[in-house]
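**Q** To start, I am sharing the structure in question, which I have written as structure tokens.
The values are calculated or read from the model by the stated rules, or taken from the named source; none is laboratory data. Worth saying up front: this structure is predicted, and the values here are computed from it rather than measured. Methodologically, a virtual Cβ is constructed for each residue, glycine included, from the backbone with ideal geometry; neighbour enumeration extends over all protein chains shown.
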Amino acid sequence: MTIVTFKPKGGGDSEPPHIDARSFRLLIDAQIEARVLADEEADPQRRADLERLAGQLLALVERLMPPKGAA
């Protein structure tokens, strides 16, 4: 499996970051699971950590939407 890195916004590349459909689906599943775990967590600190993780994963999903195939 080839891993291609991409620069944050403003990196100078005209092509936006992209991801293959299977990896995109796995990313979405991970974001959903983090949200579910956060909702079920009783400890406020762990809940906040899981909510932050879910938010970061959502930001990544939005950045890569729609999936455009292998890099």
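**Q** Among the residues of segment 1-55, which ones are at pLDDT below 65 and of a type in the set (D, E, K, R)?
**A** 7, 9, 13
**Q** Looking at segment 24-38, I want the residues that are over 13 Å from residue 60 (Cβ atoms) and have a partner that is surrounded by 14 or more Cβ atoms within 10 Å (Cβ to Cβ) with Cβ atoms under 6 Å, at least 6 apart or on another chain. Which pairs are those?
**A** Correct list of pairs: 35/54; 37/50; 38/47; 38/50; 38/51; 38/54.
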